[in-house]
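Only the coordinates and a few stated rules stand behind these numbers; no lab work does. As the structure is a prediction and not an experimental result, all values here were calculated from the model. With ideal geometry, Cβ positions are generated from the backbone for all residues, glycine too; neighbour counts draw on all protein chains shown.
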Amino acid sequence: MEATAPLRIGVAGIGTVGSALVHLIERHGNDLAVRSGRAITITGVSARDRSKDRGVDLSAMTWFDQATELAADPGNDVFVELIGGADGTAKASVEAAIAAGKHVVTANKALLAAHGNELARQAEAAGVSLNFEAAAAGGIPIIKTLREALAGNTVSRLYGILNGTCNYILTRMEQEGIGFEECLADAQRLGYAEADPSFDVGGQDAAHKLALLTAIAFGTEVDGDSMYVEGISSISPADFEAADELGYRIRLLGVACRTDSGIEQRVHPTMIPKSSAIANVTSVTNAVAVEADSVGELLLCGPGAGGEATASSVISDIADIARGDRVGTFGRPASDLEPYRRAAMRAHEGGYYIRLAVYDRPGAFAAIAGRMAELGISLESIVQRHRAPRAAAPGQLVPVEPAPVILITYDTHEADIRTALDTIKADGHIADAPQMIRIEQLG
Ligand code: NDP
Ligand code: HSE
């Protein structure tokens, strides 16, 4: 491949991101050639349905029914995988491209969270790049920032809003009072959600991204399976209302930090103070905060999903390859990544919001507070929000209705909170499963 020859790209997956990529390369082609030092041209494409109108002109490109054949085809120098999925065609085609000596660019966090270590080793052995800027936080250049710009730092914590679909749903539910299902349908229509949206709302997509960021930030092997993951489907209007009154917003957060017992990685709905910068991050916008010794704290915000924003990150990876800029997949040689040592979630320490449906009878509150005290859990507040109606016909017994009670704890251990809630439930004072949302202290 001559230095001045056009860089020839094969793109597998011409959906939301792939079609935006074709469009952006067409729109910015001249400027991109100047910035990269060579023309960038898409020579081959692959998707499932050749007859589908994708809103972009593919007529000058060779069509491949099989992505693996495009990956191995000598007519391209770089293989861009925009199919999705941890295994199947996505994995087979990326491996085929590496085996054929091609550089690879992918937006596929599910693939890298599951097989990133192995693929990084394969790319290294073949002497090719495996770039994935688009795989975490869409249009935000967080991979480049962690991998290159923060090379002179030791990271102590990173946290962020890593899933655009969840942030879109949570903020519309909060601000417009719209139901979960309607918000999710809109996120799908706008091209934000994964092909299987349960990966978004269940927290797994954010977990995949967090695993990639953790590997780069802490120099460990990628481990997408060893973290605590909780999605957003249990969040109700009652939680938004209580959060608002207490001075919080609810966001799905991914957090990774060093602890004495290992690296804590967790994804869950979180109460964050309204005064924090990321509390104001709404809709599909993502935000990633990095706390590091030299630089202090950085916060990067931007669109976390959507075709053009994501394709923008794909193009930045392609431009690096065009210029000949090569960095180890996770910022260092794969053999230098340390094994990931997981800190147990039960050892997590923080504040907790708890919402209980308490049977409104004498002594119930005291018994609940007593169970907390037995485990050394200090309560910052305990509030009965709306007393249950006590309508009863004359001569009949007053019905015992559950009343919503909100508890806020001071910092305590996850293990103790779980034990306390199990005991309170077993005592028979509450009608439904308790709602528990962690509170995060932010800088
Ligand atoms: P889409 O579902 O919109 O597109 C997927 C594309 O892959 C389609 O063109 C589909 O073909 C093609 N495809 C599916 N199976 C095969 C196969 N076996 N062989 C060849 N092509 C195949 O997905 P997105 O564009 O939204 O996402 C692509 C990747 O980017 C995923 O890894 C996703 O996680 C990631 N990503 C997406 C973001 C977003 O905002 N959408 C943001 C960041 C990352 P056909 O069209 O014919 O059905
Ligand atoms: N489904 C993902 C999201 C796409 O909503 O964040 C971007 O990775």
Assertion target for His103, His115, His28, ordered by fewest C-beta neighbours within 10 angstrom first, is His28, His115, His103
Under 16 Å by backbone N from the virtual spin label 7 Å along Cα-to-Cβ at Gln441, the residues of the range 277-299 are 291
Restricting to lysines and to Cα separations under 28 Å from Lys144, and discarding same-chain partners fewer than 8 apart, the set is Lys91, Lys102, Lys109, Lys209
If one builds a Gaussian network model of the chain from Cα atoms under 10 Å apart, the most fluctuating residue listed among Val314, Val288, Val34 is Val34
If R0 = 45 Å, then His413 and His28, at their Cβ-Cβ distance, give a FRET efficiency to the nearest 0.05 of 0.30
Neighbour-count ranking for Glu380, Glu174 (other C-beta within 10 angstrom, fewest to most) reads Glu380, Glu174
Candidates Leu21, Leu246, Leu213; GNM for the chain (alpha-carbon contacts under 10 Å) flags as most fluctuating Leu246
Row for the range 1-41, column shape: gyration tensor on C-alpha, a ≥ b ≥ c, rounded if a/c < 1.5 i.e. under 1.5, prolate if a/b over b/c, else oblate; value oblate
Rounded to the nearest 10 degrees, the helix 307-323 long axis (Cα) sits at an angle to the longest Cα principal axis of the chain of 40 degrees
Computed, not fitted: 222 nm per-residue ellipticity of the chain from DSSP H runs ≥ 4 (each -39500 (n - 2.57)), nearest 500, equal to -10500 deg cm²/dmol
The aspartates and glutamates whose Cα lies under 17 Å from the Cα of Lys425, excluding any fewer than 8 residues away in the same chain, are Asp360, Glu374, Glu401, Glu414, Asp416
The answer for GluC sites (Glu not before Pro) in the range 252-328 that fall in a DSSP coil and have at most 15 neighbouring Cβ atoms within 10 Å is none
Taking a straight Cα-to-Cα line shorter than 17 Å from Lys274, and setting aside same-chain aspartates and glutamates fewer than 8 residues away, one finds Glu174, Asp239, Glu241, Asp244, Glu245, Glu440
Residues Thr419, Thr409 in order from fewest to most other beta-carbon atoms within 10 Å are Thr419, Thr409
Per DSSP, the loop-located trypsin sites (Lys or Arg not before Pro) within the range 52-111 having at most 14 other beta carbons within 10 Å are Lys52
